[in-house]
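Student: Input: one structure, supplied below.
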């Protein structure tokens, strides 16, 4: 075993867990899921069958990740945030064949108590504020807040608000990396 699992965690047979990953108290890892290297799964986390987590994914306490969810590398899932996987759930009607996929792209962060309605993509390095309810596609580097979630700006890979000048250029105050906004799409510029 090249990962750590707290004695109270339940790890089902048939899952893949990467080297250096840590699984904490009362968490349940179900069969056929894939968890990358150096992930951290907090207390009371559930990873359902066929979920895929990339490397260095941080899952805070009380998060359930349901079948249909894929999180790429370096994703952050805040405490008690929620994923769904069926649009119209009913207790008396089985809809396991109607799960919708949700993809969280590299470096995105989802704040505490946010809800991600299934069937959407959250772009690279997007930032979903605490308590937001996401009901549609989220562009890369977008900052969303509220219910329903609405975009209020753009954010750098280091998590700082980007302020674009008249030429559509912005600089992250921490990394000094440059970004360009053109046609409602943000891209990070290569170092010169």
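The values are calculated or read from the model by the stated rules, or taken from the named source; none is laboratory data. Note that this is a predicted model, so its numbers are computed, not measured. In this analysis, Cβ positions are derived from the backbone assuming ideal geometry, glycine residues included, and neighbour counts consider all displayed protein chains.
Student: Take segment 111-142 and flag every residue that is over 13 Å from the mean Cα position of the chain (by Cα) and assigned to a strand (DSSP E or B).
Tutor: Answer for segment 111-142, where residues must be over 13 Å from the mean Cα position of the chain (by Cα) and assigned to a strand (DSSP E or B): 133, 142.
Student: Follow-up question, since we're still on this one. Among 151, 98, which is the only one that is more than 14 Å from residue 70 (Cβ to Cβ), over 12 Å from the mean Cα position of the chain (by Cα), surrounded by fewer than 20 Cβ atoms within 10 Å (Cβ to Cβ) and modelled with pLDDT of 95 or more?
Tutor: Exactly one residue qualifies, and that residue is 151.
Student: Does segment 103-110 include one or more residues that are in contact (Cβ under 8 Å) with a residue 40 or more places away in the chain, in a strand (DSSP E or B) and buried (at least 20 other Cβ atoms within 10 Å of the Cβ)?
Tutor: Yes: one or more hits.
Student: Scan segment 30-59 for residues that are in a strand (DSSP E or B) and either touching a residue at least 24 places away in the same chain (Cβ under 8 Å) or closer than 22 Å to residue 111 by Cα (or both) and report the count.
Tutor: Qualifying residue count, segment 30-59: 9.
Student: When residue 73 is evaluated against the numbered criteria (1) under 12 Å from the mean Cα position of the chain (by Cα); (2) more than 13 Å from residue 107 (Cα to Cα); (3) surrounded by fewer than 18 Cβ atoms within 10 Å (Cβ to Cβ), which criterion, by number, is the only one it fails?
Tutor: The single condition residue 73 does not satisfy is (2).
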